[in-house]
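Read through the structure below, which is laid out as C-alpha cells, and then see the notes.
Readers should treat all values here as calculations from the given coordinates under stated rules, not as data from a laboratory. Worth saying up front: this structure is predicted, and the values here are computed from it rather than measured. Quick reminder, even Gly has a Cβ in these numbers, built from the backbone with ideal geometry, and neighbours come from all protein chains shown.
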C-alpha cells in the first residue's frame, strides 16, 4: 500500500507540470481566442450572425471536407490492398514496401505541389502537348485531392500493416479449418481486427488535410478553409472577428473528424500477438499482388525521381527532360542557405527534445488504467484535433492581450513556434512510447526480483535499454516533423525565410525562383528521407530486441 501511494505521488508530480503545460499552451490560448471574439452587444451578435451565414465561409467548409474525403478514399483504395499483399508476401517484400512508403512521407506536400506545377509547365511547353492537348491542374480540387492522397497513403499503409501483424494467426487458421473461405476470413476476422488501425490512420490523414495551408496555396486552390483562416490572420490580425469565426469553424471540423475516430485516436496500439501469416495465395493472386506492389513503388518513386531531375536541370528547351544538367543550383542553395539550415537544425533539435520529454512523461503517467492515466490519455489524444494554424493564431491573440507586440519578436516567435509544433507532435510520440512500454511490461521483472535485483536496477538494466531505440526514433521523427512544418511557421513567422520550409515555400511561389526552390526541396526531402529510414531502422531494432530480452 505504501509503495502504491509512493508511485501515485511520483505520477502526480509528473502529471501536474504536464497539465499546466496543456492548460497554458493549448486550452488557455484557445479559450481566450474563442471567448474574446464573442460579442456581448446586440450589434456585435447581429454582425457575427451575418458573417456566419456568409455563403463563402460555408462553401469553404464543404469544399475542404470534400477534398479530404476524396483524398482519404483514394489513399485507402491503394493502401489497404497493398498492406494485405505486403503482409502475405516474403519479409523482404514487406521491407521493400516500407521503403517505398518512406519517400512520399519524406517529401512535404507543398514541395510536391510545386513539383507538379513545374512538371505541367514542362509538359505544356513540349511538342507532345501540341498533339495531346495541354494540362491544367492549378486551381483544381481534384488535383489537390490526388496530390494529398499520394502524399498521405503511406500513413494508412503502415498502420494497416501493423494492425495485420498484431493479429494472432491462430484465429485465421481456426476459421479456415472450420470451413470459412478466404473472403469470409477477411470480412469476419481480419478486417474487424484491423479496423482500429485503419480508423487511426484515416482520422490522422483527414486532420492533416484539414489544417494543410501550403499545398492549396501553391496549387492556387481558392476556398479551402485553412488558407482562408491564415489569410484573415495576416490581413486583419489575430483580433479580426472574421479570423476568430474561421478558426472556430476549422476547430469544429477537426473536432468532428476526431470524434468520429475518437476510439482509435484514444486507444493505445494493440498488444503484440502472433504474426499474421496466412496460407500462401494462389498464383494468380500472387501475380496481382506483385502488380499492386509495382504500382505502389511507381507512385512513390516517380515523384522523387522527377524532383531530382527538376533540381539538377538548369535549362529547359521545350522537352520533357532538361537540355542542360548541372549541380550548380544545389551548390548555390547549400551555400546561400547554410545559416538558415543551421538555425533550423537547432530549432528542430529543441522541438525533438521537448517532444521526447513531454511524450515520455505522458506515457509514464498514462501507463496505469486509473483515473489519472485515462485523463492523461484523453488530454494527449485531444491534441490531435487542434489545427496548428488555429493554435498559432490563438497564441498570437493571447500575446496581444498580454501586451506583447504582434508580429512577435524573434526570440519569442521561435519559442512559440517550437512550443506549438512540439505540442502537435506529442500525441504520436506518446502513442509510440506507450506501445513500447506496453510491450516491455512483460519483461521478466518477477524473475529478476526473485534473484535479488531491486526495482531501480530492473528499470536501469532492462527498461532504458529496451526503450533506447524507440526514444531515438521519437527524437528523429519529431525533429523531421519540425523541419517540414509549414502551416504554423506561416502563421507565426510571416514573410521571413526561417525556418527552411518557409524559404522553400516562398521560392516555389516566386516564378523566377522555382528551380532554386525545387533544389532546396530536394535537399530537404533527402534529409527527411534519411531521417525516416533511421526511424524504420530503430523501430525494427526495438522489435528484434524485445523478444530476445523476453526469453
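Multiply the residue separation of residue 325 and residue 92 by 0.36 nm, subtract the distance between their alpha-carbon atoms, and state the gained length in nm to one decimal.
On the way: separation 233, 0.36 × 233 = 83.88 nm, distance 3.49 nm.
Contour length minus Cα-Cα distance gives 80.4 nm.
Which FRET efficiency value, to the nearest 0.05, do you get for residue 526 and residue 371 by plugging their Cβ-Cβ distance into 1/(1 + (r/R0)^6) with R0 = 60 Å?
0.80
Once Rh is set to the Kirkwood radius over Cα pairs, what Stokes-Einstein translational diffusion coefficient, in µm²/s, holds for the stretch 304-434 at a temperature of 37 °C and a viscosity of 0.692 mPa s? If you can, show how the numbers build up before the last one.
Values: Rh = 18.4 Å.
Estimated diffusion coefficient is 179 µm²/s.
Nearest 0.05, what FRET efficiency do residue 135 and residue 260 give at R0 = 30 Å with Cβ-Cβ as r?
Values: r = 35 Å, r/R0 = 1.18.
Calculated transfer efficiency: 0.25.
Can you compute the modelled spin-label distance between residue 124 and residue 12, with each label point 7 Å from Cα toward Cβ, in nm?
6.6 nm
Where does each of 126, 487 land when they are ranked from fewest to most other beta-carbon atoms within 10 angstrom? All intermediate terms of the calculation are to be shown ahead of the outcome.
Values: 126 17, 487 28.
Result, fewest neighbours first: 126, 487.
Only counting other Cβ atoms within 10 Å, I'd like 395, 72 sorted with the fewest neighbours first. Kindly include the intermediate steps, with their values, before the conclusion.
On the way: 395 29, 72 24.
In increasing order of surrounding Cβ atoms, one gets 72, 395.
Stretch residue 512-residue 349 to full length: gain in nm at 0.36 nm per residue minus the Cα-Cα span? Please report the intermediate quantities before stating the final value.
On the way: separation 163, 0.36 × 163 = 58.68 nm, distance 3.24 nm.
The span from residue 512 to residue 349 would gain 55.4 nm if fully extended.
May I ask you to compute the full-extension gain from residue 24 to residue 415, defined as 0.36 nm times their residue separation minus their alpha-carbon distance, rounded to one decimal in nm? Could the numbers behind the result be given before it?
Values: separation 391, 0.36 × 391 = 140.76 nm, distance 1.41 nm.
Gain in length upon complete extension: 139.3 nm.
Give me 135, 251 ranked fewest to most by other Cβ atoms within 10 Å of their Cβ, as a rough exposure proxy.
Numbers: 135 15, 251 22.
With the sparsest Cβ surroundings first, the list reads 135, 251.
Taking the Cα of residue 534, stepping 7 Å toward and past its beta carbon, and measuring to each backbone N in the stretch 344-371: which are under 18 Å?
Once the point is set 7 Å along Cα→Cβ of residue 534, 344-357 turn out to lie under 18 Å by backbone N, inside the stretch 344-371.
Modelled label-to-label distance, residue 298 and residue 142, 7 Å Cα→beta-carbon offset: nm?
Rounded to a tenth, the inter-label distance reads 1.9 nm.
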